[in-house]
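Undergrad: Just passing along the structure, written as structure tokens.
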Amino acid sequence: MRRPSQTSEASIRSWAVPGEWHEGDARDARDEWRHEGDAREASSSSSFMTIPDLHMAPSLGGTSTSDHTVMPDMDDLVPSLVELVARMDVINPEVLRVTPVSRALERFAVALRFESDEDYYHKSHKSTKISTFWSHSWHGGPWKKVLTLVTIYNGTAAVSLAFLTGVLMMVLFSFRTLPGTDRGWIFGSWEWSCWSTSSGFVVASLVLTCWRSQKGVFLDRICICQNDEDLKTEAILSLAGLLKNSDRMLILWDPTWTERLWCLFELAAFLKSKTTQKQHLVVRPIFFGPLSIAIYLTLFALALPISTVPIHTTTTMVELLGAMVLSCLAVAFPTVSTLRSYFRDLDTMKLQLLSISVDSARSSCCDVNHVTPSGGRIPCDRKVVKECVKIWFGSELSFENTVRTEVLDLLNCDLTEKVFSIPWAFGVTSPLFLGFMDVSASMATAPDHHQRDQPALALLLEGLVTWLCFVPVTKDLLILLVRVGRKRPRSTCLEILKNTVVLGAVASPVFVMLATYGLTRFAAVDALQRAGIFACCTLLLVVCNFLFALGLRALLRRPGW
């Protein structure tokens, strides 16, 4: 089955110079070219595709006054193509289209996957502005991209509503409005709540999968007509104009994105059209979504047993803690390995951008030697891109220098610092605080002799300190440690050992914090006093982690790191 037709990496192989290509008797010649079929390799925003016959559509200046067809030489087409593309105009307002994010993600984002060749043009509508232009490589993992887009557009709503639901459940249970379960607590018998954690998880799951974001985005497979040759032609030639009319450009980055010619073209067009591009260009790695979801699920699995598992003896408590630690390590180990691999990919990206050249970037037309399977000629995308770059930046060298400096700094900053932000850390670790909400609500309904020192308020304070203070600095420490230890050793055994060492370094502050929590249980009788002592110890640990992180940052600034 032929893979679906797209646009960005489209060699424009049947373009005709104005005044030279006409309708009428040319129909037979166009039909012959159309049957040549040109299934070609995809790139930035394209897949294997058959390029439309670019006969002169009326909006492009086509006429039908001649009875004979003149086949122009392929090289003669380049100046006309360059002139149209470099103007950064939208040739026909009909091709400036957007689709709501919710429609782009329908049916598990089938439009982003290869296995379907359906027409999705009906999911788009005409617009005067594009909120976000999606740029991606079709060589990257499709499911990773889907999960990342779901996380970007639905994640904030999912986490926020889950958190609000958790707060509501905590309040309702504290006033004994909701039923609880007798877990068989070692220190007494009363009903415990698991409402905040469980309902928060249910709400987060439903919102993440069902939230229908209405932001208008440009996805080529939906917003470019694949059945109307004229509209498809006009959209291809309007690509730079579409980028100019986009408020933001979202790059779904993977190592193949930097290699592709049409990715560079999209980036060049966007940079040219935006004087404040740093405010508009957003870059996210395609593993961002899977990683975020995995961390959230893991912490939910750890938080739920805290208020549900029966604890009849101290032995049961130790067994529960042991099981939780093992479960956490089972997820933490592949997480560390994935992050180390990610930062190695960033090193590769830096080398690619430092040596970038329009001549060295991969283009599918050059991969097939500018010849269709039936022997027809294809005009070179590279020539069009090179000439456009010269017009926009003055010279190829100027563009390449821009990529090696401004673009490299921008991508490096986004992919190392902005991806794993503090709001992101709060979101993926929110199940941790939902667990504290449940324990706090449970203590609020405990018998009166347990209420003298306000344990519910104390537990809530301890949860807030852990979540708001300890989590962000631990996240920073994790990122810095995996960056320092990102280099891959020669053997698999050494790789496993290195992952273990990095994980141990990251886990050390966590174990210190847990030990501190346990020791503070004996520091005072009053629960609020214990919470205050724990908060002071946690803040001291945060300061130590922060100073250690400063040292790691200084190390990473040195040459060779």
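Undergrad: Could you derive backbone 3J(HN,Hα) for the stretch 145-160 from the dihedral phi with the Karplus parameters 6.51, -1.76 and 1.60 (θ = phi - 60°), listing whole Hz in sequence and x where the residue is Gly or Pro?
TA: After applying 6.51 cos²θ - 1.76 cosθ + 1.60, I find 5, 4, 5, 5, 5, 4, 5, 5, 8, 10, x, 4, 5, 5, 5, 5 Hz.
Undergrad: Return LEU481, LEU178, LEU267, LEU354 ranked ascending by Cβ neighbour count within 10 Å, so the fewest neighbours appear first. Each step should come with its number before you reach the end.
TA: Details: LEU481 22, LEU178 17, LEU267 25, LEU354 12.
Listed from fewest to most nearby Cβ atoms, that is LEU354, LEU178, LEU481, LEU267.
Undergrad: Also, quick follow-up: Assuming a ≥ b ≥ c are the square roots of the Cα gyration tensor eigenvalues, decide whether the stretch 95-206 counts as rounded (a/c under 1.5), prolate (otherwise, with a/b larger than b/c) or oblate.
TA: Details: a/c = 4.02, a/b = 2.73, b/c = 1.47.
Here the stretch 95-206 falls in the prolate category.
Undergrad: Cut-off is 10 Å between beta-carbons; in what order do PHE548, PHE522 appear when sorted fewest neighbours first?
TA: Working: PHE548 17, PHE522 8.
Ascending Cβ contact count within 10 Å gives the list PHE522, PHE548.
Undergrad: Please report the net charge: other residues with Cβ closer than 15 Å to the Cβ of SER307, K and R +1, D and E -1.
TA: Residues close to SER307 contribute a combined charge of -3.
Undergrad: Another question, then. What net charge do the residues around ASP476 carry, taking every other residue with its C-beta under 15 Å from that of ASP476, with Lys and Arg at +1 and Asp and Glu at -1?
TA: Cβ neighbours under 15 Å give a net charge of +3.
Undergrad: Right, here's the next one. Summing +1 for each Lys or Arg and -1 for each Asp or Glu, what net charge is found among the other residues whose Cβ lies under 11 Å from the Cβ of VAL85?
TA: -3
Undergrad: To the nearest Å, what is the center-to-center distance of the stretch 457-488 and the stretch 202-246, using C-alpha atoms only?
TA: 37
Undergrad: Please state the shape class of the stretch 315-400: rounded when a/c is under 1.5, otherwise prolate if a/b exceeds b/c and oblate if not, all from the C-alpha gyration tensor.
TA: Verdict is prolate for the stretch 315-400.
Undergrad: Rounded, prolate or oblate, given the Cα gyration tensor of the stretch 217-282, with a/c below 1.5 counting as rounded?
TA: prolate
Undergrad: Let me ask you something else. Describe numerically, in nm with one decimal, the distance between label points set 7 Å from Cα along Cα→Cβ at THR313 and at SER160.
TA: 4.9
Undergrad: If amide hydrogens are placed 1.01 Å from N in the peptide plane, which non-local residues have theirs closer than 5 Å to the one on GLY216?
TA: Those lying under 5 Å, H to H, from GLY216 are SER131.
Undergrad: Using only the Cα atoms of the stretch 454-561, what are the Rg and Dmax in Å?
TA: 17.2, 56
Undergrad: Residue by residue through the stretch 161-174, which ³J(HN,Hα) values in whole Hz follow from phi under the Karplus form 6.51 cos²θ - 1.76 cosθ + 1.60 (θ = phi - 60°), with glycine and proline marked x?
TA: 5, 5, 5, 5, 5, x, 4, 4, 5, 4, 5, 4, 5, 4
Undergrad: If amide H atoms are built 1.01 Å from N in the plane of the peptide, which residues on other chains or at least 5 residues away come under 5 Å of the amide H of ARG248?
TA: THR132, PHE133
Undergrad: Let me ask you something else. Could you derive backbone 3J(HN,Hα) for the stretch 440-446 from the dihedral phi with the Karplus parameters 6.51, -1.76 and 1.60 (θ = phi - 60°), listing whole Hz in sequence and x where the residue is Gly or Pro?
TA: Per residue, the Karplus-derived 3J(HN,Hα) values read 5, 5, 5, 5, 5, 9, 5 Hz.
Here, each number is a calculation from the coordinates, and none is a lab measurement. Given the structure is predicted, the values throughout are model-derived calculations rather than measurements. Please note: Cβ atoms are built from the backbone with ideal geometry, for glycine as well, and neighbour counts cover all protein chains shown.
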